[in-house]
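The values are calculated or read from the model by the stated rules, or taken from the named source; none is laboratory data. As the structure is a prediction and not an experimental result, all values here were calculated from the model. Quick reminder, even Gly has a Cβ in these numbers, built from the backbone with ideal geometry, and neighbours come from all protein chains shown.
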Amino acid sequence: MESSEEPMTGRRGRSARPPLSVERIALCAIALADEEGLETLSMRRLADRLGVEAMSLYHHVPSKAALLEAMSDRLGDALPVPAPGQWRESLLAAAHAWRDLARQHPGAFPLLATRATAGEALLDRVAILVGQLQAAGFTPAASARAMSSFVCSLNGFLLAAGAPALFRDLPEPAIDDYRFDEDRAPLGDIPLEAWVLTSDVAFEFHVTMLLDGLQAVLERGGSATI
């Protein structure tokens, strides 16, 4: 059971802070990562933000790995649970929710995008989506590969589009800064905005391409082999 006490580190007479908990620590770590970047996150920096000694954190999260796991769990909890429905609509909604999460947590999102394991909340959501894929006709192996490919491809797109333009809703990059040699056909004939990954149009095109690819797998029998 977690301790409900937090050491007083302020001046005499200062009112008590809320007690430490795994959730409070994880949420503070997410906020810190969003502000300053995941690479700057440390137990000491987090303790300073919470106003406690670093050793106090270890009573709740015994290691940096445990902290990252707690952060991942909290981020996963923020995702909506897939509603009953058809697999394509569910994956489309999941893709939008994933991008929304990336925008809401620009510094912490790479933790989810690059993490090899999923927390309980993410696994619960994946299980629902995999069930919908199997109900539509994907084999068990194909449903697993479909989910892995879908999520990895989304992560690659979001990370390639890059912070801060994608995640912080800043203005689009000035396309006038991009130039192609007019003699380098056919690149010179393509509108420059078509190369910008941060637009909603680019994201929707990418997701549609992924869904169409999975639809083609389903039409070939839903097998894990091509």
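Is it fair to say ALA135 is in contact (Cβ under 8 Å) with a residue 24 or more places away in the chain and part of a helix (DSSP H, G or I)? When the stated conditions are applied, ALA135 passes them. Restricting ALA118, ALA94 to those that are out of contact with any strand residue (DSSP E or B) (no Cβ under 9 Å at 6 or more places or on another chain), not in a helix (DSSP H, G or I) and not assigned by TED's automatic domain parsing to the domain that holds ASP34 reduces the list to ALA118. Condition first: farther than 15 Å from ALA70 by Cβ, assigned to a helix (DSSP H, G or I) and touching a residue at least 12 places away in the same chain (Cβ under 8 Å). Now tell me which residues in segment 36-48 satisfy that. Hits for segment 36-48 are GLU36, ARG45. The condition of being surrounded by fewer than 15 Cβ atoms within 10 Å (Cβ to Cβ), touching a residue at least 12 places away in the same chain (Cβ under 8 Å) and of a type in the set (A, V, I, L, M, F, W, C) holds for only one of ALA33, ALA78, that being ALA78. When each of ALA70, ALA33 is tested for being in contact with a Leu (Cβ under 6 Å, 6 or more places away or on another chain) and either assigned to a helix (DSSP H, G or I) or not small (Gly, Ala, Ser) (or both), the lone residue that passes is ALA33. Does LEU67 satisfy the condition of being assigned by TED's automatic domain parsing to the domain that holds GLY137 and either among the aliphatic types (A, V, I, L, M) or touching an Asp or Glu at 6+ places or on another chain (Cβ under 6 Å) (or both)? No; evaluated as a whole, the condition is false for this residue.
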